1. Can you confirm whether region 480-500 contains a residue that is touching a strand residue (DSSP E or B) at 6+ places or on another chain (Cβ under 7 Å), in a helix (DSSP H, G or I) and outside the structural domain of residue 236 (by TED's automatic domain parsing)?
2. Please determine, by comparing only the residues of region 491-519 that are closer than 21 Å to residue 550 by Cβ and under 23 Å from the mean Cα position of the chain (by Cα), which one is surrounded by the fewest Cβ atoms within 10 Å (Cβ to Cβ).
3. Of everything in region 39-91, what is outside any helix (DSSP H, G or I) and at pLDDT 85 or above? Give them in sequence order.
4. Inside region 234-245, can you point out the residues that are within 15 Å of residue 192 (Cβ to Cβ), in a helix (DSSP H, G or I) and more than 21 Å from the chain's Cα centre (by Cα)?
5. Residue 6 - would you say it is in a loop (DSSP other than H, G, I, E, B), surrounded by 12 or more Cβ atoms within 10 Å (Cβ to Cβ), out of contact with any strand residue (DSSP E or B) (no Cβ under 6 Å at 6 or more places or on another chain) and modelled with pLDDT under 65?
6. Report whether or not residue 319 is outside any helix (DSSP H, G or I) and modelled with pLDDT under 90.
7. Of all the residues that make up region 545-566, how many are in a helix (DSSP H, G or I) and more than 15 Å from residue 494 (Cβ to Cβ)?
8. How many residues are out of contact with any helix residue (DSSP H, G or I) (no Cβ under 6 Å at 6 or more places or on another chain) and either over 16 Å from residue 523 (Cα atoms) or buried (at least 19 other Cβ atoms within 10 Å of the Cβ) (or both) if we restrict to region 562-572?
């Protein structure tokens, strides 16, 4: 029997869905590709849902879940963390589901923090208030749980300040209500934007420290899952003295972190302030004075990260490993390499590619245990192969070098997001898409707020033929980092084209505008051809041929490198052929695919 879902008018007359509607939603969630098929998540969600519908919500304690779902024995103890860990994982999976595949579902099933009793609400209704922590009440003599939403955003903002400076404790308890969740928008965790730290000194050292501190914070903060941080390019686009009203109205960020660095002789003073953008009030500020020379930059940044991890992890347990456990080398040259890498990723030009590669190789010769540098080198090596940037014919093929560097990065630091991004991408281009996406999904669950990783995963997913899922991931990355990532705008433009949204595709490709990046012109030619703008398509195609004369004659093989499905590859080739570009004939393309299929057939 088919289950019907009530109309908005029906919902207005009754506050909660029926049991039948909830069970239909449960099936919808568990059958989605966004819901992992492995593990105990499905059993966990089904068990608590059915118990609640049967009127046995009062039985949903850690003990009963451990026995019924995880097959623990009757002597299960609260010292066993299995239920707490799996509940946290399940909440993240559900949150991701409603941000992607479940955006327009009629019903929300949530498991509020603090207990295991699910809530069932209409998707357009405000999110329910958090429940008391039944498990901690069992283990803590009836004490109430201490959760983020019991405190509200302002207190969490205080801990954000710890993240950014680690310089002291904010005195006093601030309380406030957490806002309700808006489906399809950024989750209701506090959103933070970091303005570039101002150079308040008279020499080059202050500028170096200001840039370095800003970069360190932009790298460290996204690892905190309770805080949504706008990305690097958005931060760089702001002036140090940006007005809070512009941050709130223009970006929608709840908090602004700003500060400055002053150097006089061997003394440095770092000033940090955290501002609530709704009213411009300064919630917290701190001065940090230190004796230093140039080589102490990373020691200061590492110290800040260490205090941050301790302050956040002890009361809430959201950080399993101190960010300072593997600090970067105490060497300004390595820091300069990181800046060169991000400058290259912003422009995707051969000149910046060569500078970043040479710098990273030199740095790793001195510091071979630095995982982040290996990750960056892997991405640069990958671009050498896929974009033909500064190829080195006298070495092992670039794709193989990229995979080796990525595996080394992960072996050195398994939780490093940039290392996982590098491994995912290298696997993808070494014809291992299944393993690549397994790495990608694990990294996404562990760190859902890293915009560069989101954009890369979205791009790879899209090129494998999952255009709609790729669009969802890229839209999320661009929303968190609206000021940058021209490369991702270009990919999003191609996705729109493949989804037949030609008006959006043209608008986005014009916004990307990566004139020095060869594939930008190839993608633009496809988009303009599909949109009927044939003169524009021919112009971009000719630019592409001049920059990459080897690509179009080998376009079938090039598309195969990117794991593009045959039907999508043929559509792209047809779009280029439509404007007279020298791609193989339809007959030759089909013949090449037949030969390829035969060669790869087991």
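1. yes
2. 514
3. Answer for region 39-91, where residues must be outside any helix (DSSP H, G or I) and at pLDDT 85 or above: 54, 55, 56, 60, 61, 69.
4. Restricting attention to region 234-245, the residues satisfying the condition of being within 15 Å of residue 192 (Cβ to Cβ) are 234-235, 238, 242, 244.
Then drop every residue that is not in a helix (DSSP H, G or I), which leaves 234-235, 244.
Selection gives 244 alone.
5. Yes, satisfied.
6. yes
7. Step one: filter region 545-566 for residues in a helix (DSSP H, G or I), giving 545-547, 552-561, 566.
Filter again for more than 15 Å from residue 494 (Cβ to Cβ), leaving 545-547, 552-554, 556-557, 560-561, 566.
Summing the residues that are in a helix (DSSP H, G or I) and more than 15 Å from residue 494 (Cβ to Cβ) in region 545-566 gives 11.
8. Within region 562-572, residues that are out of contact with any helix residue (DSSP H, G or I) (no Cβ under 6 Å at 6 or more places or on another chain) and either over 16 Å from residue 523 (Cα atoms) or buried (at least 19 other Cβ atoms within 10 Å of the Cβ) (or both) number 2.
The values are calculated or read from the model by the stated rules, or taken from the named source; none is laboratory data. None of these values were measured; they are calculated from a predicted model. Ideal geometry is used to build each Cβ from the backbone, glycine not excepted, and the neighbour counts take in all protein chains shown.
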